[in-house]
1. Identify which of T139, T154, T48 has the largest mean-square fluctuation in a Gaussian network model of the chain, with springs joining Cα atoms closer than 10 Å.
2. Just for the chain, what percent of DSSP beta bridges are antiparallel, to the closest 5?
3. Leaving out same-chain residues fewer than 8 places away, which aspartates and glutamates sit with a Cα under 16 Å from that of K58?
4. So if each residue of separation counts as 0.36 nm, and I subtract the Cα-Cα distance between T176 and W28, what length gain in nm does that give?
5. Over the chain, what percent of the accessible surface lies on carbon and sulfur atoms, probe 1.4 Å?
6. Rolling a 1.4 Å sphere over the protein heavy atoms, what is the accessible area per residue of the chain, to the nearest Å²?
7. Over the chain, with a Gaussian network built from C-alpha contacts below 10 Å, which listed residue (E134, E175, E27) shows the highest mean-square fluctuation?
8. Once fully extended, how much extra length lies between D106 and K86, figured as 0.36 nm per residue of separation less the alpha-carbon to alpha-carbon distance?
Amino acid sequence: MRGILPALVLFALLFADPAGGQTVIDEWASVQAPAAPAVKPVNVEPRTTALLLLDFNKQTCNAERRPRCIASIPKVKKLLDAARAKGVAVIYSLSQGAAATDIAPDLAPAAGDPVVASGPDKFLGTDLEKVLKERNIRTVIVTGTAAHGAVLSTAGGAALRGLKVVVPVDGLSAETLYPEQYAVWHLLNAPRIGAQVTLTRTDLISF
C-alpha cells in the first residue's frame, strides 16, 4: 500500500484538469464578447497598394444567401472608384466555378485587372502572390465575402507573407454578424497576423 498511494497521487496530479473539466463547449453560453476594437484612419501609398475584391460573384454575393454582401457593395464601389482614380492596383477573386462575368456589375473588373479563382485562401493554387510581387505591392486592402472564408484566409495569408493588411469593416460580409465579428477578432489577435492588420472603414481610407 505504501508504494501504491504515492503512485495514485502522482497519477491524479498529472492528469487532473485544472479547469475542473470545463471545455469551451461547456462554457459556451457564458462567453462574453470582447469590447469592440477601434477603427483607424489609414493613408496608403497608391503605387505599392492593391485593393482586393474577393468573391463578389453572384454565387456567393446575393440577396438570398448573403444579403449583407449586397448591402456592402455601394461602399466598396466608392472605395474602388477612389482607388482607380489614384492608380491603385485592383485584383479580383472568384469562388470556384464562377466567371468574371458573375461579379456584381457595380464592381466589375476593368480590362487588365487580374482575376484569380480558388477556395477561401486566394493564395492557394493561384498566382496571386506572384502578381503582388511583380507589382511591388506592400499593402493590401481586403474586401469581400465571406468574412470567415475568403477575407479571413486571404488577409491572414497576406499578413503571414509580410504584407501590411488593411481591413475595412464595412467591406466584408457574411450570412450573419457573428462570423464577421469572429473574423475581425481573429485578424486583430492571431499571432503574427494581428501585428500586420489595421482595422478601418472604407471612408477612412485615403490614398
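The values are calculated or read from the model by the stated rules, or taken from the named source; none is laboratory data. These figures come from a predicted structure and were not determined experimentally. SASA here: full protein model, heavy atoms, side chains in, ligands and nucleic acids out. Shrake-Rupley method; radii C 1.70, N 1.55, O 1.52, S 1.80 Å.
1. Comparing T139, T154, T48 in a Gaussian network model of the chain, the most mobile one is T48.
2. Details: 1 of 26 bridges.
Bridges in the chain are about 5 percent antiparallel.
3. D102, D106, E175
4. 51.4 nm
5. Carbon and sulfur: 60 percent of the exposed surface of the chain.
6. On a per-residue basis, the chain sits at 55 Å².
7. With Cα springs under 10 Å in the chain, the top fluctuation among E134, E175, E27 is at E27.
8. Full extension of this stretch gives 5.4 nm more.
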